[in-house]
1. Go over the candidates 66, 107, 45 one by one and state the one that is under 19 Å from residue 133 (Cβ atoms) and either outside the structural domain of residue 143 (by TED's automatic domain parsing) or touching a helix residue (DSSP H, G or I) at 6+ places or on another chain (Cβ under 8 Å) (or both).
2. Go through (1) in a loop (DSSP other than H, G, I, E, B); (2) touching a residue at least 24 places away in the same chain (Cβ under 8 Å); (3) under 25 Å from the mean Cα position of the chain (by Cα) and name the single condition residue 117 misses.
3. Suppose the filter is within 18 Å of residue 138 (Cβ to Cβ), touching a strand residue (DSSP E or B) at 6+ places or on another chain (Cβ under 7 Å) and at pLDDT 95 or above; does residue 95 pass it?
4. Working only within segment 48-74, note down all residues that are surrounded by 10 or more Cβ atoms within 10 Å (Cβ to Cβ) and under 17 Å from the mean Cα position of the chain (by Cα).
5. Determine which single condition residue 90 fails, assuming it passes every other condition in (1) within 25 Å of the chain's Cα centre (by Cα); (2) surrounded by 13 or more Cβ atoms within 10 Å (Cβ to Cβ).
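The values are calculated or read from the model by the stated rules, or taken from the named source; none is laboratory data. In this text, all values refer to a predicted model and were calculated from it rather than measured experimentally. Heads up, the Cβs are rebuilt from the backbone with ideal geometry, glycines too, and the neighbour counts pull from every protein chain shown.
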């Protein structure tokens, strides 16, 4: 019987080592999967920021083209303006629309001028969202 106990101990030790290796393997696998997820999330955040920064830099150009298209009624300018707007909208840009009867909302608007007792809003500069984040508030005048 003593020999059996001696033989049982190495088997128990082997089983314990197997369990330890399995635990280490599962932990390493979980760490690796977490690293993959974290890396993917960081990559998406980087691209999000890069696109947002790029789109913000193009807003003045978009607005210049919009003004030029309205003033000149040139088909070439109109085509370039529409194509640029389409590309930016495809990336996630959205113009914030307001009406003169909306109430002032500081989350999406910036007041540049106000008359006493004013209720009506007049847009002085367009505002934009990029993927549901306000990147530029609408500038408004509040008038009677």
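1. 45
2. Among (1) in a loop (DSSP other than H, G, I, E, B); (2) touching a residue at least 24 places away in the same chain (Cβ under 8 Å); (3) under 25 Å from the mean Cα position of the chain (by Cα), the lone unmet condition for residue 117 is (3).
3. So residue 95 fits the description; yes.
4. Pass one, segment 48-74, residues surrounded by 10 or more Cβ atoms within 10 Å (Cβ to Cβ): 48-56, 58-59, 61-70, 72, 74.
48, 49, 50, 51, 52, 53, 54, 55, 56, 58, 59, listed by residue number.
5. (2)
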